[in-house]
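Reading through the structure tokens given below for one structure.
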Amino acid sequence: EAGVTQFPSHSVIEKGQTVTLRCDPISGHDNLYWYRRVMGKEIKFLLHFVKESKQDESGMPNNRFLAERTGGTYSTLKVQPAELEDSGVYFCASSQSGTSAKQFFGPGTRLTVL
Amino acid sequence: GNSVTQMEGPVTLSEEAFLTINCTYTATGYPSLFWYVQYPGEGLQLLLKATKADDKGSNKGFEATYRKETTSFHLEKGSVQVSDSAVYFCALSAGNFNKFYFGSGTKLNVKP
């Protein structure tokens with residue numbers, strides 16, 4: 001069974017540019033989560049999809065971040081325009097339905113904004 | 001609110017040394033507690049978990065006990081190996097959809 005995959009693994013962009021991160025969850029997982037770890041600090045929750053609907057987006061830092069999950073399969077997280085403080089590692093996780101379902105994490109995308 | 005505090009690293013140990021990584025939490029309600037590990041170049045992997053007070057999670061020689069009275073979930077291993085070198089994250093999940101709250105991570109370096 002394939003795990004959660006993320007693309008790209010690394011991205012280096014300049015301030016003001018746009019970047020789109022992609023997450024492919026495990027097939028059949030309705031729940032999809034985005035997290036971010038900035039500069040060695042804690043991993044922080046960004047948002048949660050149930051199928052194609054945003055269940056909780058309380059962790060999204062500002063309106064420069066846009067997440068989508070069209071069709072309830074893969075998800076994209078767009079940062080436009082990127083700022084220096086957006087640098088960090090962006091993790092995606094997915095889980096099956098159910099409150100105790102185990103979350104499976106992807107390898108993360110390391111974003112560097114110069 | 002919910003939060004996790006874990007000891008800062010890096011922690012450097014010699015092979016076969018005893019490991020403790022401290023983790024304390026604050027939470028509303030009754031959270032589940034987890035330790036995740038990230039090996040170099042890989043994603044986060046669940047190491048162990050405990051879902052209620054006094055439960056002990058264990059895996060690969062690592063252990064952690066859910067202590068409600070001290071709001072702690074310290075990670076221990078009796079004899080570390082070089083292959084245990086990684087970043088360890090303490091986390092809790094709460095609420096209906098298992099939203100995770102992570103600590104800042106502790107990097108462990110084990111030298112031969």
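Descriptive notes on the structure:
- Flag for B:PRO31 being more than 8 Å from chain A (Cβ to nearest Cβ), farther than 30 Å from A:VAL50 by Cβ and modelled with pLDDT under 95: no
- Strands (runs of 3 or more DSSP E) fully within the stretch A:31-114 that include at least 2 residues being open to solvent by 20 Å² or more (accessible area, probe 1.4 Å): A:31-37, A:43-50, A:53-56, A:65-68, A:75-79, A:109-113.
- Residues that are modelled with pLDDT of 95 or more and touching a Ser or Thr at 6+ places or on another chain (Cβ under 7 Å), drawn from the stretch B:88-102: B:TYR88
- Tally, over the stretch B:74-87, of residues that are more than 14 Å from chain A (Cβ to nearest Cβ) and either modelled with pLDDT under 95 or closer than 30 Å to A:LYS54 by Cβ (or both): 0
- Here B:LYS107 meets the list (1) more than 14 Å from chain A (Cβ to nearest Cβ); (2) open to solvent by 50 Å² or more (accessible area, probe 1.4 Å) almost entirely, failing just condition (1).
- Qualifying residue in the stretch A:12-28 (condition: within 13 Å of chain B (Cβ to nearest Cβ), within 28 Å of A:GLY98 (Cβ to Cβ) and among the polar types (S, T, N, Q)): no
- When A:SER58 is tested against (1) within 27 Å of B:ASN2 (Cα to Cα); (2) in contact (Cβ under 8 Å) with a residue 60 or more places away in the chain, exactly one condition is not met: (2).
- Scanning the stretch B:36-54 for residues that are part of a strand (DSSP E or B) and aromatic (Phe, Trp, Tyr) gives a single hit, B:TYR36.
- Some residue of the stretch A:87-104 being under 26 Å from B:PRO40 (Cα atoms) and away from chain B (no Cβ under 14 Å): yes
The values are calculated or read from the model by the stated rules, or taken from the named source; none is laboratory data. Keep in mind the model is a prediction, meaning the values are calculated, not measured. Note: ideal-geometry Cβ built from the backbone for every residue, glycine included; neighbour counts use all protein chains shown. Ligands, DNA and RNA are stripped out before the accessible areas are found, and what is left, the full protein with its side chains, is counted by its heavy atoms. Shrake-Rupley method; radii C 1.70, N 1.55, O 1.52, S 1.80 Å.
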